[in-house]
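Chemist: Here it is: the structure, laid out below.
The values are calculated or read from the model by the stated rules, or taken from the named source; none is laboratory data. Keep in mind that this is a model prediction, so the values were computed, not measured. Glycine also receives a Cβ, built like all others from the backbone with ideal geometry; neighbour counts cover every protein chain displayed.
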Amino acid sequence: MTSATPATPKDSAARPMRRLMRDRRFVLLFAGQAINMFGDRALLIVLAIWVKELTGSDALAGVIFVLLAVPSLLAPVTGLIVDRFPRRATLIVNDLVAAALVLCLLLVRGPGDIWIVFAVTLGYGISNAIFNAARGGLLHSMVPAELLGDANGLFGSLAQGLRILGPLLGAGLFVALGLGAVAILDAGTFLLSVVVLLLLRRTPDLVRSGDGEKGHLWRDLTAGVRHIIGDRELRGAVVALGLALGAAGLINPAMFAAVDQGLNRSSAFIGVVAAFQGAGSIAGGLMVGTLIRRFGERRTAAIGFLFSTVGLVLVIPTSEAGMCAAGVLVGVSIPVFMVATTTLVQRSTAKELQGRALTAMDALIDIPFVGSLALGSFIIQFVEYRLVYAFSALAFAVVALFVLLPRRDRAAVV
C-alpha cells in the first residue's frame, strides 16, 4: 500500500504566488480591491484638473493633494475604527459611504460649488485611510504569515500599475464626458467592490475578546503609535522609512528642474520617466516577497533604499537614458522598502491592534514627506537641482546603513 508524499515546507514556499492564487478568498479580495483602486486612481487626478478648470488657480488645484494627505493626522481615530469592528464589514460600509460621497460631485455646477469638491476630497482621504488599514488587517487574518510579503507585494504592484492606467483613463473620460461620468464610474467601482466583499464568506476576521478596554479612550487612540515607538525594531524601521520619504519629497520639485534645465525638455518628459518608474514598481512588487523570505524585512528594506540611492545618483549627470534608468531603479525600490516595512509592522502586531498600528505608521511617514514637499518647493529656487539629488541619494544611503545596524530580533506576534 502506497501513500501520497506530503508536501514539505520547502515545496510549499517554492511557489508562493501559486499558493495565493489558489486561495479563492484571496483572489476575490484582490479582484474587489483592484476594482476599487482603479476607480480611485481614475478620480483623484481628475479632481485636481476639475478645480483648475473651475477656478484657473494652480494653488487651489494643489489644495486637492493637501486634503488627501490631511487624514493621515486622524490616524488614531481611523485606526481605532478599524480595530473596533470586523474588517470585512468595515470595508463594506466604507465603500458604501464613499460611493455616496463621490456622487455628491454631480451637484457641482460652477466655481461657487468648489467647497463641494473640497469636502468630497477630504472625505475621500479619510475613506482611503480606513480602506488601507482595514485591508491590511484583513490580509493579516487571511494570509499565512510566510505569504504576507507576497500578498502585500501583489497589492503594491497593482497599485503602481493602476497609478499609470487609472489617471489616463480618468482624464480621457473627463475630457470626453465631464466630471459626472468619472464620479459615476468611481461610485460604480465602489459598489462592485461591495458585491465582491459580500462573497467573502467564512473569511478569518477580527474577533474582539471582551470589553476590557472600555473607559480608556485616550489609551486606545494612541495604542498604535505607542506600539511602534515602544518597540525597538518597529521604531527603527518606521523612523528609517520616514527619513527616506522625507528625502524623497525633496526630489519632486527638483525633478522638474532636472528635465527643464538639465535636459532642456518640456515637463511632458516627466510622463516618460513616470512610465519607466511604474514598470519598475510593478517588478519591485512582484519580487519583494522573495526578498523578504531570503533576507528578512529589515534587510529587504535596506535593499530598497540602496536601489533608490543608485537611481538618484544616475540623475546627477542628467541624460535621458540616465533619467529613465533612474526611474526604473527608484520604481523598483518603492514597493520593496514600503512592503518590507508594512509586512514587518503586520507581523509584529497583534490582530486587534492592526488598524491602529498601520494608520500610525502611515501618519509617522506621511508627515515628513509632506513637510519635505513644501521645503523642496522652496529650496529649489536657490539650490541647484544636482545638489538636491546628491543630498537625497546620500540620505537614502545613510538610512540603508542605519537599517542594517544590528538589533535584537524577536518573534512575530500573531
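Chemist: Kindly list, by first and then second residue, each pair from a residue in region 53-72 that is in contact (Cβ under 8 Å) with a residue 40 or more places away in the chain to a residue that is of a type in the set (Lys, Arg), limited to pairs with Cβ atoms under 9 Å and residues at least 6 apart or on different chains.
Modeler: Pairs found: LEU60/LYS52.
Residue-by-condition table, conditions (1) in contact (Cβ under 8 Å) with a residue 40 or more places away in the chain; (2) touching a Leu at 6+ places or on another chain (Cβ under 9 Å); (3) at negative phi:
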position	(1), (2), (3)
ILE228	yes, yes, yes
GLY236	yes, yes, yes
ALA240	yes, no, yes
GLY249	yes, yes, yes
ASN264	no, no, no
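Chemist: Being of a type in the set (Ser, Thr, Tyr), modelled with pLDDT under 95, farther than 19 Å from GLN160 by Cβ and surrounded by fewer than 24 Cβ atoms within 10 Å (Cβ to Cβ), is that true of even one residue in region 280-297?
Modeler: For region 280-297, residues of a type in the set (Ser, Thr, Tyr), modelled with pLDDT under 95, farther than 19 Å from GLN160 by Cβ and surrounded by fewer than 24 Cβ atoms within 10 Å (Cβ to Cβ): absent.
Chemist: Would region 337-351 turn up any residue that is in contact with a helix residue (DSSP H, G or I) (Cβ under 6 Å, 6 or more places away or on another chain), surrounded by 16 or more Cβ atoms within 10 Å (Cβ to Cβ), more than 24 Å from VAL225 (Cα to Cα) and among the polar types (S, T, N, Q)?
Modeler: For region 337-351, residues in contact with a helix residue (DSSP H, G or I) (Cβ under 6 Å, 6 or more places away or on another chain), surrounded by 16 or more Cβ atoms within 10 Å (Cβ to Cβ), more than 24 Å from VAL225 (Cα to Cα) and among the polar types (S, T, N, Q): absent.
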